[in-house]
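Scroll down for the structure; my scribbles are underneath it.
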Amino acid sequence: MSTAPLKRSLTLRGHRTSVSLEEPFWRAFKEIAQERGEPVNALAARIDAERAEGTGLASAIRLHVLAHYVTRAEAQTP
């Protein structure tokens, strides 16, 4: 499996942008959007709006993915 980031285009509130993420993060990001029943672009737009100043969108998406799975793991821990 390649760990090189892959650039993909997203549309955030009508504006096209590119984001580079490693394939495992793209897969996880898409799975999270699907679980929530929302388009990837909508989830990306929400993450973009909520990210801390100075945090790039790719980093914010990675942190969102990580937080999602950490929260899930904590919920499953007895």
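Only the coordinates and a few stated rules stand behind these numbers; no lab work does. None of the values given here were measured: they were computed from a predicted structure. Quick reminder, even Gly has a Cβ in these numbers, built from the backbone with ideal geometry, and neighbours come from all protein chains shown.
Taking amide H as placed 1.01 Å from N in the peptide plane, the amide H of LEU12 sits under 5 Å from that of THR17, each at least 5 places away or on another chain. Computed from label points 7 Å out along Cα-Cβ, the spacing between ARG8 and THR71 is 2.0 nm. In summary, the helical segments of the chain meeting the span-like criteria, namely a full DSSP H run, a Cα extent along the axis of 24 angstrom or more and a mean Kyte-Doolittle hydropathy of at least -1.0, are 57-76.
Only helical runs count toward this figure. For the chain, summing -39,500 (n - 2.57) over DSSP H runs of n ≥ 4 and dividing by all residues gives -19000 deg cm²/dmol at 222 nm. Only the Cβ atoms of Lys and Arg (+1) and of Asp and Glu (-1) were treated as charged; on that basis the dipole of the chain about its Cα centre amounts to roughly 240 debye.
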